[in-house]
Amino acid sequence: MTTEVRVPTLGESVTEATVATWFKKPGEAVAADEMLCELETDKVTVEVPAPSAGVLADIIAAEGDTVGVDALLATINESGEAAAPAAPAAAAEAPAAAPAGDDSVDVMVPALGESVTEATVSTWFKAVGDTVAQDEMLCELETDKVSVEVPAPAAGVLAEIVAAEGATVDATAKLAVISSSGAAVAAAPAAAPAAAPAASGAKDIKDGPAAEKAMAEAGISRDQVTGTGKDGRATKADVAAAVASAAAPAPAAAPAAAPRGPVSADDAAREERVKMTRLRQTIARRLKDAQNTAAILTTYNEVDMTETMALRKEYKDLFEKKHGVRLGFMSFFTKACSHALKEVPEVNAEIDGTDIVYKNFVHMGIAAGTPQGLVVPVIRDADKMSFAEIEAAIAEKGKRARDGKLSMAEMQGGTFTISNGGVYGSLMSSPILNPPQSGILGMHKIQDRPMVINGEIKIRPMMYLALSYDHRIVDGKGAVTFLVRVKEALEDPRRLLMDL
């Protein structure tokens with residue numbers, strides 16, 4: 001019996017896609033729901049799973065072909081026999097794909113997310129010859145935005161490591177081979193450098209590049225990090241945990257690079273040169289792109305936090321007892337911004353060529369600082385969430401952001417962003433846009449200040465608010481109106497309950 005593999009629904013207004021990558025070849029066995037290929041549209045990357053188990057008999061649409069919705073991509077022979085034309089190609093591939101025997105399973109680079117084409121192998125947690133369980137973490141990849149864990153697709157023995165630590169691999173590369181019979185490949189040169197230290201004792205174990213860079217950026221030394229990886233090696237998650245537990249002194253200076261220009265030899269000896277992580281390079285590039293593209297302007301206001309703080313103080317214990325999550329200020333600000341965005345929709349819009357795309361929903365980006373850099377996880381449909389749901393989502397995504405566990409999908413699609421510099425003590429700043437969004441709200445430190453209330457001077461907990469916006473589509477009136485609505489909602493939180 002032959003099953004057809006067709007292009008799935010691509011989304012509203014998307015009528016065609018390009019076949020980006022095939023992960024299987026004709027003649028190879030496939031399991032039901034196993035990813036066969038990846039399609040690229042002008043907006044997203046779409047994975048195509050196998051509709052049934054069997055053998056990939058024929059590929060109709062090759063890599064690079066443009067296909068429409070419901071177009072035929074391939075056929076699967078459920079009887080387990082490949083189509084005749086595909087047999088020679090499958091036979092030719094067999095020797096290379098099965099170095100550990102017919103029971104070998106390839107470990108491939110997982111889906112990296114939209115527009116991400118390559119990654120760096122940061123850490124191997126297993127060595128050649130180690131026994132692995134299905135879904136056990138084998139290695140960690142580092143992309144421009146997130147760290148990606150690679151689990152074992154099957155149980156067995158790690159027979160070969162194809163991509164060593166530090167290697168850059170593309171989205172379709174093979175990382176390793178697992179032998180379910182327990183036989184390791186005799187020669188595994190790529191894995192040798194990573195496996196060698198294990199034989200010389202734990203004191204010679206070298207941490208992965210990702211963990212070393214995270215320690216350098218956080219300013220902590222190795223003895224302050226408890227390694228949970230293989231043979232006690234530190235992972236980026238271990239570094240993040242160490243940073244969260246206590247502040248640490250700066251590590252000893254590494255050998256500096258050669259003196260540059262007028263820098264003296266004495267100064268150069270006290271410098272430390274650390275290569276920028278892919279995440280930091282991406283942050284730098286995107287921030288500069290935002291300045292070069294958008295007409296960024298910032299407007300300010302201040303809010304009296306008395307009523308919001310009183311409401312939070314009165315109900316925070318009962319709130320936590322009922323919902324199992326702490327009541328913070330972010331849910332108030334998220335709610336207030338969601339209401340304001342409905343009244344001033346251009347702040348929630350984006351420019352696409354010569355069109356303005358208005359979003360009739362709020363996917364709220366919550367900027368979070370991590371040891372690896374700034375990331376912006378997205379709370380989807382925040383305008384429809386309760387206070388408890390917002391707090392739970394922020395807490396969960398914030399924890400995984402600090403641990404480097406966020407996926408690409410969780411940081412895409414935001415329509416507006418909130419950045420809280422107040423947690424670091426910032427009194428006032430001008431946040432920069434997160435393209436292609438047209439607005440970002442900056443929160444700041446709550447500070448007691450003398451204010452004139454009904455002709456009398458009173459001490460009030462005040463916060464400066466800053467709205468940076470793209471002046472190409474947001475006028476000054478709209479920006480000021482937005483901030484005033486946020487201010488009104490926070491100074492009288494009852495307005496949020498009454499949808500005012």
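A few comments on the model shown:
- Leading residue by the ranking (farthest from Ser468 (Cα to Cα)) among those in segment 302-342 that are touching a helix residue (DSSP H, G or I) at 6+ places or on another chain (Cβ under 6 Å) and basic (Lys, Arg): Arg326
- Residue satisfying condition, being over 31 Å from the mean Cα position of the chain (by Cα) and closer than 30 Å to Ile351 by Cβ, within set Asp492, Asp381, Asp470, Asp499: Asp499
- Of the strands (runs of 3 or more DSSP E) that lie entirely inside segment 117-180, those containing 1 or more residues that are in contact with a Leu (Cβ under 8 Å, 6 or more places away or on another chain) and either in the same structural domain as Pro377 (by TED's automatic domain parsing) or more than 16 Å from Ser104 (Cα to Cα) (or both) span 118-124, 137-142, 147-151, 168-170.
- Any hit, segment 328-351, residues being modelled with pLDDT of 90 or more, touching a strand residue (DSSP E or B) at 6+ places or on another chain (Cβ under 8 Å), of a type in the set (D, E, K, R) and at negative phi: yes
- Some residue of segment 329-336 being touching a Pro at 6+ places or on another chain (Cβ under 8 Å), surrounded by fewer than 16 Cβ atoms within 10 Å (Cβ to Cβ) and within 24 Å of Met411 (Cβ to Cβ): no
- In segment 395-500, counting only strands (runs of 3 or more DSSP E) that sit wholly within it, the ones holding 3 or more residues that are crowded, with 19+ Cβ neighbours inside 10 Å span 416-420, 439-443, 456-470.
- Within segment 276-377, strands (runs of 3 or more DSSP E) holding 1 or more residues that are among the charged types (D, E, K, R) and within 21 Å of the chain's Cα centre (by Cα): none
- With respect to the conditions (1) out of contact with any Pro (no Cβ under 8 Å at 6 or more places or on another chain); (2) in a loop (DSSP other than H, G, I, E, B), Ala32 falls short on a single one, namely (1).
- Of the residues making up segment 386-426, those that are closer than 12 Å to Ile366 by Cβ and not aliphatic (A, V, I, L, M) are Glu391, Glu396, Lys397, Gly398, Glu410, Gly414, Phe416, Thr417, Ser419, Asn420.
- Leu406 being in contact with a strand residue (DSSP E or B) (Cβ under 6 Å, 6 or more places away or on another chain), touching a residue at least 60 places away in the same chain (Cβ under 8 Å) and of a type in the set (A, V, I, L, M): no
- Residue among Thr18, Thr45, Thr3 that alone is surrounded by 13 or more Cβ atoms within 10 Å (Cβ to Cβ), at pLDDT below 80 and of a type in the set (Val, Ile, Thr): Thr45
- Just one of the numbered conditions (1) in contact with a Pro (Cβ under 9 Å, 6 or more places away or on another chain); (2) under 16 Å from Thr334 (Cβ atoms); (3) basic (Lys, Arg) is not true of Arg495: (1).
- So Ala237, is it modelled with pLDDT under 70 and not in a helix (DSSP H, G or I): no
- Flag: Ala71 does not match the condition of being at pLDDT below 85 and aliphatic (A, V, I, L, M).
- Residues (crowded, with 18+ Cβ neighbours inside 10 Å and outside any helix (DSSP H, G or I)) located in segment 381-394: Met385
Conditions tested, residue by residue: (1) β-branched (Val, Ile, Thr); (2) touching a Cys at 6+ places or on another chain (Cβ under 9 Å); (3) at pLDDT 85 or above.
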residue: Phe125; (1), (2), (3): no, yes, yes
residue: Ala159; (1), (2), (3): no, no, yes
residue: Val162; (1), (2), (3): yes, no, yes
residue: Ala211; (1), (2), (3): no, no, no
residue: Ala218; (1), (2), (3): no, no, no
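- Selection within segment 4-24 - assigned to a loop (DSSP other than H, G, I, E, B), touching a residue at least 60 places away in the same chain (Cβ under 8 Å) and more than 16 Å from Asp65 (Cα to Cα): Thr9
- Failed item, numbered, when Lys174 is tested on (1) surrounded by 20 or more Cβ atoms within 10 Å (Cβ to Cβ); (2) under 18 Å from Trp22 (Cβ atoms): (1)
- Tally, over segment 263-275, of residues that are of a type outside the set (Ser, Thr, Tyr) and either within 30 Å of Asp470 (Cα to Cα) or outside any helix (DSSP H, G or I) (or both): 7
- Put simply, of Leu287, Leu279 the only residue that is aliphatic (A, V, I, L, M) and modelled with pLDDT of 75 or more is Leu287.
- Every pair of residues 6+ apart whose Cβ atoms lie under 6 Å, when the first sits in segment 320-335 and is in contact (Cβ under 8 Å) with a residue 40 or more places away in the chain while the second is surrounded by 14 or more Cβ atoms within 10 Å (Cβ to Cβ) and among the aromatic types (Phe, Trp, Tyr): Leu327/Phe319; Ser331/Phe387
- Filter pass, Glu114 being under 28 Å from Leu39 (Cβ atoms) and at pLDDT 70 or above: no
The values are calculated or read from the model by the stated rules, or taken from the named source; none is laboratory data. Just so you know, these numbers come straight off a predicted model, no measurement behind them. Glycine gets a Cβ as well: all are built from the backbone with ideal geometry, and neighbour counts include every protein chain shown.
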